[in-house]
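Asker: Handing you this structure, nothing more for now.
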Amino acid sequence: MKETNSDPRLAGLNVYRVGGAVRDELLGWPVYDNDWVVVGATPEAMRKRGFKPVGRDFPVFLHPESAEEYALARTERKSGHGYSGFEVHASPDVSLEEDLLRRDLTINAIAQSTEGELTDPFNGQGDIERRVLRHISAAFSEDPLRVLRTARFLARYASLGFTIAPETQALMRKVSHSGELEHLAAERVWVETEKALGEPSPEVYFTTLERCDALNVWWPELAGEALVKGLAAMAQVPDSDMFPLAHWRHAQLVSPLSDEQRDVLSERLKLPNAVAQLAHHTALTYSLINHSLKNHALPSDALEGPSVLRWLERLDGWRKPEQVEGQLALVKVLAPEQVGPLENAWQAAREVSPQALIAEGYQGAALGEALRARRGQAVEAALTK
């Protein structure tokens, strides 16, 4: 643990490390960031010490040197719908235990003093030993985002043997049926989902949400057999760092969906363009491979020139070659016998020179037509070698 009591900016303050850093240290999990709570201080006192205020809805400050977050102890009261529908009370009279009470799970409500002493009013250490995710109080249901967060934590720690307490599962189901999940901002749903897709057991996130009836609120397209197929596909991702692992997993997850279903889901979640585009390109690759497998028995005959050319064009390969390279990495996973022919076709098409055609006298629309024809010929010749 970082020694904070030697920091002159914190002299005289009651400072505690809280949340994930304490939890993960107790679990033996890597700790990347520290969050701190300050008890008994005011915003004015923090600013005088050089801390930079960044909290929009409640007093949070950045340390001017470490940039770590220091939040004033606070309580919360439900006042509206969704993740942000809370009234916050932050003042010097809020105790550490009151601050911990507003948190979601017992394992996230352990505080550690600068001397290393633990404050654990809800027996989070016991639940860490029992490998249980358990809510602290009925206030858990006031924040619908906690349903997604709990599923994400299980996706992270399932390999350690964690489960969700039955009473917490029941509360998650109650929130799902309450309509509160619908009030979450799509962007916030995606943030939690993207994090879950990067966890060691991402499939657990979706199966957990399905069990508590939350999946059909934001991901109705993945109900039933579509989820089974999507999770099976998600287990196969390319060994490629051209795109983030979470984005590859999402693209695979939605690969069994129709184009219309995938577009509707992308719009509902307000996915970043890069994420939606990778899913679209992955679907194109599935279409190419499935078409070839349905119509031909031998890998050497499987790929048709016109289909491959359309695939390269729809991937915008001439302007963005990395998009083709990424999909070739996926083909290596899905249909390794077709990687070689596709790579040869791709390289042959890239070698067709627009400048050479211009030198031959082509221009305007005729240049575009000739360029496409030559690329088609190059692809066909490469596939028949």
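Asker: Roughly to the nearest percent, how much of the accessible area of segment 117-197 is carbon and sulfur, given a 1.4 Å probe?
Answerer: Numbers: 1540 of 3260 Å².
C and S fraction of accessible area: 47 percent.
Asker: Related question: Which residues' amide hydrogens lie under 5 Å from the amide hydrogen of residue 164, considering only partners 5 or more residues apart or on another chain, with H built in the peptide plane?
Answerer: Amide H to amide H, under 5 Å and 5 or more residues apart or across chains, residue 164 pairs with 133.
Asker: What 222 nm value per residue comes from the helices of the chain, counting each DSSP H run with n ≥ 4 as -39,500 (n - 2.57) and dividing by all residues, nearest 500 deg cm²/dmol? Show your work: numbers first, answer last.
Answerer: Values: 19 runs with 198 residues, N = 385.
Value at 222 nm, helices only, nearest 500: -15500 deg cm²/dmol.
Asker: For segment 95-222, what is the convex hull volume of the alpha-carbon atoms per residue, in Å³? Before the final figure, lay out the partial values.
Answerer: Numbers: hull volume 15.1 nm³, N = 128.
Spread over its residues, the Cα hull of segment 95-222 gives 118 Å³ apiece.
Asker: For residue 316 and residue 97 in one chain, what is 0.36 nm times their gap in residues minus the Cα-Cα distance, to one decimal in nm?
Answerer: 73.2 nm
Asker: Roughly how many Å² is the accessible area per residue of the chain, as a whole number, for a 1.4 Å probe? Before the final figure, lay out the partial values.
Answerer: On the way: 18240 Å² over 385 residues.
Spelled out: the 1.4 Å probe surface of the chain, per residue, equals 47 Å².
Asker: May I pose another question? Residue by residue through segment 326-332, which ³J(HN,Hα) values in whole Hz follow from phi under the Karplus form 6.51 cos²θ - 1.76 cosθ + 1.60 (θ = phi - 60°), with glycine and proline marked x?
Answerer: Ordered by residue, 3J(HN,Hα) equals x, 6, 5, 5, 5, 4, 4 Hz.
Asker: To continue, here is another question. Rounded to two decimal places and with Rh computed the Kirkwood way over Cα pairs, what is Rg over Rh for segment 171-301?
Answerer: My calculation of the ratio gives 1.01.
Asker: If you place +1 on the Cβ of every Lys and Arg, -1 on the Cβ of every Asp and Glu, and leave all else neutral, what size is the dipole of segment 312-385 about its Cα centre, to the nearest 20 Debye? The partial results should precede the final answer.
Answerer: Working: 9 positive and 10 negative charges, 10 e Å.
Rounded to the nearest 20 debye, it is 40 debye.
Asker: Now a separate question. Longer than 31 Å from Cα to Cα, which of 48/270; 48/195; 52/320; 174/229 are they? Say none if no pair is.
Answerer: Numbers: 48/270 41 Å; 48/195 36 Å; 52/320 42 Å; 174/229 27 Å.
Checking Cα-Cα distances, 48/270; 48/195; 52/320 exceed 31 Å.
Asker: Tell me the carbon and sulfur percent of the accessible area for segment 213-348, rounded to whole percent, probe radius 1.4 Å. Write down the numbers at each step before the final one.
Answerer: Details: 3170 of 6290 Å².
That share works out to 50 percent.
Asker: Expressed as a fraction of 2.2 N^0.38 Å, the rule-of-thumb size for a compact globular protein of N residues, what is the C-alpha radius of gyration of segment 325-385?
Answerer: 1.33
Asker: Projected onto the charge dipole of the chain (+1 at Lys/Arg Cβ, -1 at Asp/Glu Cβ, origin at the Cα centre), which of 255, 224, 363 gives the Cα projection farthest towards the positive end?
Answerer: So the residue we want is 363.
Asker: Moving to a separate point now. Using unit Cβ charges (K, R positive; D, E negative) and no other charged atoms, how large, in debye to the nearest 20, is the dipole of the chain about its Cα centre?
Answerer: Details: 42 positive and 55 negative charges, 81 e Å.
The calculated dipole for the chain is roughly 380 debye.
Asker: At 7 Å along the Cα-to-beta-carbon direction for both residue 115 and residue 363, put a label point, then send me their distance in nm to one decimal.
Answerer: With each label placed 7 Å out from Cα toward Cβ, I get 8.6 nm.
Asker: Let me ask something else. DSSP loop (so not H, G, I, E, B), at most 12 other Cβ within 10 Å: list which GluC sites (Glu not before Pro) in segment 277-379 pass both filters.
Answerer: Here the sparse-neighbourhood loop sites are 351, 360.
Asker: Calculate log10 I(q)/I(0) of the chain for q = 0.09, 0.11, 0.14 Å⁻¹, where I(q) comes from the Debye formula with a single equal point scatterer on each Cα and nothing for solvent.
Answerer: -0.67, -0.87, -1.15
Asker: Quote to one decimal, in nm, the extra length available between residue 159 and residue 56 on full extension: 0.36 nm per residue of separation minus the C-alpha distance between them. Walk me through the numbers before you get to the answer.
Answerer: Details: separation 103, 0.36 × 103 = 37.08 nm, distance 3.63 nm.
Contour length minus Cα-Cα distance gives 33.5 nm.
Asker: So which trypsin sites (Lys or Arg not before Pro) in segment 27-71 pass both tests, a DSSP loop state and at most 12 other Cβ atoms within 10 Å of the Cβ? Let's see the in-between values first.
Answerer: On the way: sites: 47, 48, 49, 56; in loops: 49, 56.
Passing sites in segment 27-71 are 56.
Asker: Note down the magnitude of the dipole of segment 116-269 about its Cα centre, charges +1 on Lys and Arg C-beta and -1 on Asp and Glu C-beta and zero elsewhere, to the nearest 20 debye.
Answerer: Numbers: 16 positive and 24 negative charges, 78 e Å.
Using Cβ point charges on Lys, Arg, Asp and Glu, segment 116-269 gives about 380 debye.
Asker: Same structure again: Most mobile of 265, 27, 181 per a Gaussian network model of the chain (Cα springs, under 10 Å)?
Answerer: Sorting by GNM fluctuation, first place goes to 27.
Asker: Taking the Cα-to-Cβ direction at residue 191 and at residue 274 and moving 7 Å from each Cα, how far apart do the two end points lie in nm?
Answerer: 1.8 nm
Asker: Follow-up question, since we're still on this one. Let me check the size of segment 217-263 from its C-alpha atoms; what are the radius of gyration and Dmax in Å?
Answerer: For segment 217-263, the Cα radius of gyration and maximum Cα-Cα distance read 11.0, 32 Å.
Asker: Between 179, 19, 161, which gets the highest mean-square fluctuation from a Gaussian network model of the chain, Cα cutoff 10 Å?
Answerer: So, out of 179, 19, 161, the one fluctuating most is 161.
Asker: Mind checking which of 282, 114, 207 has the largest fluctuation in a GNM of the chain, springs on alpha carbons under 10 Å?
Answerer: Comparing 282, 114, 207 in a Gaussian network model of the chain, the most mobile one is 114.
Asker: For segment 272-385, what is the per residue volume of the convex hull drawn over the alpha-carbon atoms, in cubic angstrom? Please report the intermediate quantities before stating the final value.
Answerer: On the way: hull volume 11.4 nm³, N = 114.
Cα convex hull per residue, to the nearest whole number: 100 Å³.
Asker: Skipping prolines and chain starts, which residues have an amide H placed within reach, meaning under 5 Å, of the one on residue 35, given they are 5 or more residues away or on another chain?
Answerer: Residues meeting the amide H criterion: 18, 21.
The values are calculated or read from the model by the stated rules, or taken from the named source; none is laboratory data. It should be emphasised that the depicted structure is a prediction, and the values quoted were computed from it without experimental measurement. Every residue, glycine as well, gets a Cβ built from its backbone with ideal geometry; the counts of neighbours run over all protein chains shown. Keep in mind that these areas ignore ligands, DNA and RNA; they rest on the heavy atoms of the full protein, side chains included. Shrake-Rupley method; radii C 1.70, N 1.55, O 1.52, S 1.80 Å.
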